[in-house]
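A short worksheet on the structure shown next.
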Amino acid sequence: MKASPIAGGIEVSLDPEEAGFVRSLPDYLDGLGDDPADPAVKRLTPTIHPEDPDASAEFDRFIGPAMADERRDDRDLVATTIQPGTTRLTSEE
């Protein structure tokens with residue numbers, strides 16, 4: 001793998017094996033965080049207001065679904081964007 005900064009983003013060069021591994025990560029990560037008993041959930045969704053459980057619950061209720069959607073979109077972007085050879089990613093990606 002080789003990564004180089006370019007204007008407005010980064011250029012990544014991957015051989016087919018590396019690209020295949022990176023593209024497999026979204027499938028692996030897809031269910032991560034779905035089980036509330038999973039310790040990864042605490043790392044992915046930390047308590048925002050540890051001193052105020054009600055405020056944390058309200059934050060989770062309003063923001064939690066949007067954060068989960070963004071994580072899903074990011075996983076999909078990796079799966080569809082990363083290819084063997086050279087891939088250019090913008091700062092938005």
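Using 7 Å Cα-to-Cβ label points, what is the ALA55/ALA40 separation (nm, one decimal)?
Placing both labels 7 Å along Cα→Cβ, they lie 3.0 nm apart.
Tell me, what is the percent relative contact order of the chain, built from C-alpha pairs under 8 Å that lie six or more residues apart?
Taking the mean separation of contacting Cα pairs over the length of the chain, I get 49 percent.
Using only alpha carbon positions, build the gyration tensor of the chain, then give the equivalent ellipsoid semi-axes as the square roots of 5 times its eigenvalues, largest first, whole angstrom.
In descending order, the three semi-axes are 33, 16, 10 Å.
Which of PRO46, PRO5, ALA79 sits farthest toward the positive end of the charge dipole of the chain, with +1 on the Cβ of Lys and Arg and -1 on the Cβ of Asp and Glu?
Highest projection toward the positive end goes to PRO5.
Can you tell me how the stretch 16-65 classifies by the Cα gyration tensor, rounded, prolate or oblate, using a/c under 1.5 as the rounded cut?
It is prolate, given that a/c is not under 1.5 and a/b is the larger ratio.
Since every read-out is calculated from the coordinates, none of them should be taken as a lab result. Bear in mind that the values here come from a model prediction, so they are computed numbers and not experimental data. Note that we place each Cβ from the backbone using ideal geometry, even for glycine, and neighbour counts take in every protein chain shown.
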